[in-house]
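Before any comments, here is the structure.
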Amino acid sequence: MTGAFTCSVKTLLAGNGSWSKRTVSMKLWNTVPEQAHGSGRFLLPRRDFTPAYLQSHESGSLKDKIDEALECLRSCTLCPRNCEVNRWEKYAVCKVARYARVSSYFPHFGEEDVVRGWLGSGTIFFGWCNLRCVFCQNYETSQKGQGDEVTPRDLAGMMLELQQKGCHNINFVTPEHVVPQILEALPYAISRGLRVPLVYNTSAYDSLHSIRLISGVVDIYMPDFKLWNPEHCRKYLLAPDYPAAARDVVRAMHEQTGAMKVDEDGLALRGVLVRHLVMPGMLDDTQEIVRYIASELSTDTYFNIMDQYFPAWKASSEDKYKEIGRRISQRELSQAFAHAAAAGLWRFDRRWRGDFRLSAAGWNL
Ligand code: SF4
């Protein structure tokens, strides 16, 4: 169904931490699609939702997790690289020592409609990365370390600023190597009124230990399951163990939170949203990944097949990567969807909110 309609908008006023419900007229091009709510099967009423981290904070388990995570920094095995370096004193593969680095933070309107809503997803982009993808589209941030070091209080302030702007969630981008720093910032943010869901937006090159540490803290997992073939992972991610690590952690994410659930406005509140960037000439990887997701997680997994690959970073200039020096074809994209459908997946992400872009200020909230 298409057309304009009126819906309620709930915003959190960070100043006093209370919910304020306002009704505004919104021109949307579609109502929430079946793929998101599943005729109510994947509806989590907003009134029944409490962010996971608030419960962990109240029970005291968040403090235990912070202590354990900071201790892990002394011999870091927080990701599959297992560097065992003391990050209180120096850094290793991910180039981040005691404090996280942030390159930018802002309301992001390019994320999936279930995540960006109409006021944006509150993204915080972390500097550096534990992968070395030769085609990285954010290489200035991930491979050159663009950004500034932040204290836990700084990071908490960014979360609150994004919430105050009306963002529907806080979306940690490239968080694999800074799980302790994220956890450490949360009590500062919670005490000053953080109430929106947390999104863990990851390459899926995480350790199971990290995923256990953020169990009961993260509300929405957004792993990008990139490649399946270890040889492809060795050449293009510089991580031949990537497929095994990704398989383990996406399953653990699903065991923690289940298939993605949305509220009455089609906003993600809890669960797993799997992304997959289709790579040129690597449809076999796609086929194995969708089979795995369907059989080991659920055919109800919300799935975003991404078509925006373009050769960037080393893939745009080095001859040894010339086979991925092109965009994917329409035929390859169709094949990716066909593989996913054949595996039984059906909750495919698509745009339905239209192409509007309004800031919180634009709504005069
Ligand atoms: S998080 Fe960084 S230091 Fe720790 S194991 Fe991974 S790459 Fe090494």
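Bear in mind these aren't lab numbers, they're just calculated from the coordinates by the rules spelled out. Everything quoted here is computed from the prediction, not taken from an experiment. All Cβ positions, even for glycine, are placed from backbone atoms using ideal geometry, and neighbour counts span all protein chains on display.
Odds and ends about this structure:
- Taking trypsin sites (Lys or Arg not before Pro) across the stretch 58-92, the ones in a DSSP loop with at most 12 further Cβ atoms lying within 10 angstrom of their Cβ are 90.
- The ellipsoid equivalent to the alpha-carbon distribution of the stretch 200-248 has semi-axes of 23, 10, 7 angstrom, derived from the gyration tensor eigenvalues as √(5λ) and listed largest first.
- Beta bridges per DSSP with both ends in the stretch 2-360, % antiparallel, nearest 5: 45
- Largest GNM mean-square fluctuation across 170, 289, 190, computed for the chain with C-alpha springs under 10 Å, falls on 190.
- For residue 275, nonlocal amide neighbours, meaning residues 5 or more places apart or on other chains whose placed amide H falls under 5 Å from its own, are 224, 225, 304.
- Likely footprinting exposure, 37, 177, fewest C-beta neighbours within 10 Å first: 37, 177
- Helix-only CD estimate at 222 nm, as mean residue ellipticity for the chain, using -39500 (n - 2.57) per DSSP H run (n ≥ 4): -9000 deg cm²/dmol
- When +1 charges are put on Lys and Arg Cβ atoms and -1 charges on Asp and Glu Cβ atoms, the dipole computed for the chain relative to its Cα centre reaches about 660 debye.
- Over the stretch 146-192, equivalent-ellipsoid semi-axes from the Cα gyration tensor in Å: 17, 13, 11
- The value of relative contact order for the stretch 2-360, using C-alpha pairs under 8 Å at least six residues apart, is 19 percent.
- For the stretch 193-223, the residues whose backbone nitrogen is under 16 Å from a point 7 Å from the Cα of residue 68, taken along Cα to Cβ, are 207-218.
- Cα Rg, Dmax (largest Cα-Cα span) when computed across the stretch 151-270, Å: 15.4, 47
- The alpha-carbon atoms of the stretch 2-360 define a convex hull whose volume equals 127 cubic angstrom per residue.
- Net charge of Cβ neighbours under 14 Å - reference residue 228; Lys, Arg +1; Asp, Glu -1: -3
- Between residue 307 and residue 34, the simple label model (points 7 Å from Cα in the Cβ direction) yields a spacing of 2.1 nm.
- For the stretch 44-127, the share of alpha carbon pairs falling in successive 10 Å distance bins from zero is 15, 27, 35, 21, 2 percent.
- Here residue 86 and residue 191 are evaluated by their C-beta separation; at R0 = 25 Å the FRET efficiency comes out at 0.25.
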